Amino acid sequence: MKWNIFLSVCIAMFLISCEKDSSEKIKLLEGYWNIETVEMPDGSEKAFPFSNHMDYFEIKENTGMKYRVSPRYDGTFVNYGSPVPFKWKEKDGELLLKFADSSNAYQQTLKSVSKKELVLLHENGTLYTYTSYTPDAKQ
């Protein structure tokens, strides 16, 4: 009996820690990100040493929005293209981002995220590595 209670408590703590880990990752996802490299499924890689386009991830409660933006000289940003809404869920220990707009739906796995770097794996096998961008900061 004591073993069952102990096991139940351990499982509950594990599930709570996974949920917290996911919410921390989502908090870190929010912000401006520059694509640094793209690795194609065949292993070829393309580097982006400078790009004036970036992705902005906005999080509101249990949903998000991904915007393609470009910085302006006055410190503001201009949006281009249509924003893409997304939701997330945890599956098999991974955080899946499910994007869908009126004409397209796809999924990316959040492989890692920190204050400085974001790595997303597209369902087609393309790996995107981003670096964080802070407006009005020297890059």
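The values are calculated or read from the model by the stated rules, or taken from the named source; none is laboratory data. Since this is a predicted model, take the numbers as computed values, not measurements. All Cβ positions, glycine included, derive from the backbone under ideal geometry; neighbour counts span all protein chains shown.
Could you please let me know if residue 90 is out of contact with any strand residue (DSSP E or B) (no Cβ under 7 Å at 6 or more places or on another chain) and surrounded by 11 or more Cβ atoms within 10 Å (Cβ to Cβ)?
In short, yes.
Looking only at the stretch 110-131, decide whether some residue is out of contact with any Phe, Trp or Tyr (no Cβ under 8 Å at 6 or more places or on another chain), modelled with pLDDT under 95, at positive phi and assigned to a loop (DSSP other than H, G, I, E, B). No, the stretch 110-131 has no match at all. Selection over the stretch 44-86 of residues that are β-branched (Val, Ile, Thr) and more than 18 Å from the chain's Cα centre (by Cα) gives a count of 2.
Within the stretch 102-120, if we keep just the residues that are in contact (Cβ under 8 Å) with a residue 24 or more places away in the chain and out of contact with any strand residue (DSSP E or B) (no Cβ under 7 Å at 6 or more places or on another chain), the residue that is surrounded by the fewest Cβ atoms within 10 Å (Cβ to Cβ) turns out to be 114.
State which residue is nearest to residue 98 (Cα to Cα) when the search covers only the stretch 48-72 and only residues that are at pLDDT 85 or above and loosely packed, with under 10 Cβ neighbours inside 10 Å.
In the first step, residues of the stretch 48-72 are kept if they are at pLDDT 85 or above; the result is 53-72.
Keeping just the survivors that are loosely packed, with under 10 Cβ neighbours inside 10 Å gives 60-62.
Numbers: 60: 15, 61: 15, 62: 12 Å.
Applying the filter and picking the extreme gives 62.
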